[in-house]
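The values are calculated or read from the model by the stated rules, or taken from the named source; none is laboratory data. Because the structure is a prediction, the values reported are computed rather than measured. Neighbour counts run over all protein chains shown; Cβ positions are idealised from the backbone, glycine included.
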Amino acid sequence: MSEKGKYYITTAIAYTSGKPHIGNSYEIVLADSIARFKRKDGYEVFFQTGTDEHGQKIELKAAEAGITPKEFVDDVAGTIKGLWDLMNTSYDKFIRTTDEAHEKQVQKIFKKLYDQGDIYKGAYEGLYCTPCESFWTESQLVDGKCPDCGREVKPAKEEAYFFKMSKYADRLIEHINTHPEFIQPVSRKNEMMNNFLLPGLQDLCVSRTSFQWGIPVTFDDKHVIYVWLDALTNYITGIGYDCEGNSTEQYRKFWPADLHLIGKDIIRFHTIYWPIFLMALGEELPKQVFGHPWLLQGDGKMSKSKGNVIYADDLVDFFGVDAVRYFVLHEMPYDNDGVITWELMVERLNSDLANTLGNLVNRTISMSNKYFGGIVSDKGVTDGQDEIDADLKAVVTGTYRKVSGKMNELRVADALTEIFSLFKRCNKYIDETQPWVLAKDEAKSDRLATVLYNLVEGIVIGASLLEPYMPETAKKIADQLNTTIRDFAQCETFGLYPSGTKVTDKPEILFARLDVKEVVEKADAMFAERKAQNAPQEGETQDDNVIEIEKKPEIEYGDFDKLQFRVGEIIACEEVPKSKKLLCSKVKIGKEVKQIVSGIKAHYSAEEMVGKKVMVLVNLKPAKLAGVVSEGMLLCAEDADGKLALIVPEKEMPAGAEIC
């Protein structure tokens, strides 16, 4: 084991329903920067990532594509791994939940939990969200929709196995209260405690019978093991856990994990379900779960139908790997969502990378070549500028400590800012010492040599600190200065660059400035081409204003015939108290008046609803939304931006007319 001990870091495993966009790729780059920093800081690091490959959504997508689920996930997992490799991430293991060793261990875990009474067989009746593969109760819905993704839920009932969550709830609450570092940022901890744990946990559905693409329950082959028990256990199966007591040396060395790095949208699964599963297995809990914010597109919602989804390889084609790594790491606040736009990418590249860093390196090497034939020598001459030199050296040698402090708090963006403050101080040093003026006086030659030596030394230390975040750039800088990247211990000592070293004759431009207008035009052309590639084929509609949505399984006519649709007239409407989305309408349908609650407040005012003829699903089982009973559903259309429009009859129709 290394000097500072072990450090086990994981990302969430990417779901193989499709190619991940840049917001998903941010997580692997963030984790990689932490893993690289820890290795360089003296830890023995194990960095695991991978793919989550089971579930109903994948089964449906595979059927739609006309291939087996395994063929589907093999393709997508290959794409995901390719993106992670493209972004130069240094993971030690890429686990797939279809790996045989993982599947067998999950089956053994399920059986163990069943045998010890933590899992029991029952039936589930509730409201089901297919994209999230989650059951919900009415009280858990937000404005009548899935609290996780905001999509529609449907009534469902099936036989299932359940995990007794409440059995371990008090123990988990105590752990969270006595380990304040366990859930970060603190806002995530408060959310979990107040919204889920303190109100009381319901037993968790851990098997399904309505689809087949999953790991079978060994003693009941009608059931497959539900996604979260399967996916979450990758963190231990990937390093050799065995629930029968035969875990590997690697598992004994690296568990518990030091950090689970995940998106804030899945914090509940990692800080409630996962710790409880571990408690039931008798294993230690991870030391910390960090729910990072999201990277959002600044000019609107990313949408495949718009063709404007940004992928990591798109950005690499425009800016290069390290520029993209810098951007996603620098632009993400600790606790708030970050924003990505083409304009901001260009601004950061031009100002921070091309100017602050690239120009500094280029000027320093060029001056060394111009004035001393590329030989960098420390003459130790301050020429009355002792304070200026001392301040430069203090900033340079003090940066590691500042960066380390930020990284210990997982404030990666702030750590990068500290490193670029070092480069800015070097640029200021050039302005203070004015090498071009010193070069005009032969008597100032030794002072000029000292100034250039101090600049080279500052750049080498800065590049060494930059390596975990921009590894290719750091190496390019070191190569041009004819030296090697230093370890962190050497970054606190000024003057280790060997005096008399010759730098490269021809400095390489690290980052070329870009024209924002040209970049935006190129991006628009890329999106237009992508949209054209997804255009309808011959025999299909040629209208550009179309939307593609995920297809649902075919149904029999008898299923459709159970639904009754009629024309209704809205005779009254009012806002639902304490709801930002709901309107409550009184809808006349023939001689009957139904009360219907709809999440359309953002699109219609209560006043403009009155008098409209609308299409209504009238035989929907009544449900309570925000405490108000709803006796049906108004039919709406939704565009790619989430805007809603009521479906209305083309011609005048009486209230109560049947829609057939």
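Within region 456-475, can one find any residue that is of a type in the set (F, W, Y) and more than 25 Å from G42 (Cβ to Cβ)?
No, because not a single residue in region 456-475 is of a type in the set (F, W, Y) and more than 25 Å from G42 (Cβ to Cβ).
Residue count for region 479-497 satisfying the condition of being free of Cβ contacts under 8 Å to residues at least 12 places away in the same chain and either in a loop (DSSP other than H, G, I, E, B) or charged (D, E, K, R) (or both): 1.
Here's the yes/no breakdown for (1) of a type in the set (D, E); (2) farther than 18 Å from A415 by Cβ:
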{"position": "D446", "(1), (2)": "yes, yes"}
{"position": "N454", "(1), (2)": "no, yes"}
{"position": "V460", "(1), (2)": "no, yes"}
{"position": "E492", "(1), (2)": "yes, no"}
{"position": "G495", "(1), (2)": "no, yes"}
{"position": "K522", "(1), (2)": "no, yes"}
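A quick yes/no check of all residues on (1) out of contact with any Pro (no Cβ under 6 Å at 6 or more places or on another chain); (2) surrounded by 11 or more Cβ atoms within 10 Å (Cβ to Cβ):
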residue: G627; (1), (2): yes, yes
residue: E631; (1), (2): no, yes
residue: K643; (1), (2): yes, yes
residue: E652; (1), (2): yes, no
residue: E658; (1), (2): yes, yes
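Each residue in region 567-581 was checked for being of a type in the set (D, E) and either in a loop (DSSP other than H, G, I, E, B) or buried (at least 19 other Cβ atoms within 10 Å of the Cβ) (or both), and 1 of them qualify. Of the helices (runs of 4 or more DSSP H) lying entirely inside region 177-237, none contains at least 1 residues that are free of Cβ contacts under 8 Å to residues at least 24 places away in the same chain and farther than 25 Å from T11 by Cβ.
(1) out of contact with any Phe, Trp or Tyr (no Cβ under 6 Å at 6 or more places or on another chain); (2) buried (at least 18 other Cβ atoms within 10 Å of the Cβ): which one isn't true of Y128, the others all being true? Tallying (1) out of contact with any Phe, Trp or Tyr (no Cβ under 6 Å at 6 or more places or on another chain); (2) buried (at least 18 other Cβ atoms within 10 Å of the Cβ), Y128 fails exactly one: (1). Residues of region 95-132 that are modelled with pLDDT of 85 or more and within 19 Å of A14 (Cβ to Cβ): I95, R96, T97, T98, D99, H102, E103, V106.
Is there a residue being over 21 Å from the mean Cα position of the chain (by Cα), part of a helix (DSSP H, G or I) and without any contact (Cβ under 8 Å) to a residue 12 or more places away in the chain anywhere in region 335-354? Checking region 335-354: at least one residue is over 21 Å from the mean Cα position of the chain (by Cα), part of a helix (DSSP H, G or I) and without any contact (Cβ under 8 Å) to a residue 12 or more places away in the chain. For region 334-354, residues that are within 17 Å of V309 (Cα to Cα), in contact with a Leu (Cβ under 6 Å, 6 or more places away or on another chain) and surrounded by fewer than 21 Cβ atoms within 10 Å (Cβ to Cβ) total 1.
Considering region 548-590, and only residues there that are among the basic types (K, R) and at pLDDT 90 or above, the residue that is farthest from the chain's Cα centre (by Cα) turns out to be K588. Taking the criterion of being surrounded by fewer than 17 Cβ atoms within 10 Å (Cβ to Cβ) and among the acidic types (D, E), the only residue of region 393-420 that qualifies is E409.
Per-residue answers, yes or no, for (1) crowded, with 18+ Cβ neighbours inside 10 Å; (2) touching a residue at least 24 places away in the same chain (Cβ under 8 Å); (3) in a helix (DSSP H, G or I):
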site	(1), (2), (3)
H54	yes, yes, no
V73	yes, yes, yes
S90	no, yes, no
T98	yes, yes, no
V106	yes, yes, yes
Y114	yes, yes, yes
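Those helices (runs of 4 or more DSSP H) of region 409-478 in which 3 or more residues are touching a residue at least 60 places away in the same chain (Cβ under 8 Å) occupy 412-433, 445-466.
A Cβ distance below 7 Å, combined with a sequence gap of six or more or placement on separate chains, defines the contacts here; from region 602-627, residues that are in the same structural domain as M653 (by TED's automatic domain parsing) and at positive phi reach residues that are in a loop (DSSP other than H, G, I, E, B) and among the basic types (K, R) in the pairs A626/K578. When every residue of region 414-425 is checked against the conditions, at least one turns out to be of a type in the set (G, A, S), closer than 30 Å to L261 by Cα and touching a Lys or Arg at 6+ places or on another chain (Cβ under 6 Å). Any residue at all in region 219-230 that is surrounded by fewer than 18 Cβ atoms within 10 Å (Cβ to Cβ) and of a type in the set (V, I, T)? No, the conditions are met nowhere in region 219-230. Across region 133-145, a minimum of one residue is classified as among the aromatic types (F, W, Y), under 26 Å from L113 (Cβ atoms), modelled with pLDDT under 95 and buried (at least 16 other Cβ atoms within 10 Å of the Cβ).
A single member of A257, A323, A280 is in a loop (DSSP other than H, G, I, E, B), hydrophobic (A, V, I, L, M, F, W, C) and at pLDDT 95 or above, and it is A257.
Restricting P293, P275 to those that are touching a residue at least 12 places away in the same chain (Cβ under 8 Å) and within 30 Å of F162 (Cα to Cα) reduces the list to P275. Only one entry in E331, E284, E347 is at negative phi and touching a Gly at 6+ places or on another chain (Cβ under 6 Å), namely E331. I need the full set of residues from region 34-52 which are of a type in the set (S, T, Y) and either at pLDDT below 95 or not in a loop (DSSP other than H, G, I, E, B) (or both), in order please. If the condition is that a residue be of a type in the set (S, T, Y) and either at pLDDT below 95 or not in a loop (DSSP other than H, G, I, E, B) (or both), then T49, T51 are the ones that fit.
Residues of region 606-624 that are loosely packed, with under 15 Cβ neighbours inside 10 Å and either among the hydrophobic types (A, V, I, L, M, F, W, C) or not in a loop (DSSP other than H, G, I, E, B) (or both): E607, E608, K624.
Count of region 186-210 residues, restricted to those that are of a type outside the set (D, E, K, R) and out of contact with any strand residue (DSSP E or B) (no Cβ under 7 Å at 6 or more places or on another chain), is 13. When K167, K189 are screened for being among the charged types (D, E, K, R), out of contact with any Phe, Trp or Tyr (no Cβ under 9 Å at 6 or more places or on another chain), surrounded by 14 or more Cβ atoms within 10 Å (Cβ to Cβ) and closer than 20 Å to F277 by Cβ, only K167 passes. Taken over region 230-275, residues that are of a type in the set (K, R) and within 19 Å of the chain's Cα centre (by Cα) amount to 2. Applying the set (1) in a loop (DSSP other than H, G, I, E, B); (2) at pLDDT 95 or above to S2 leaves exactly one unmet item: (2).
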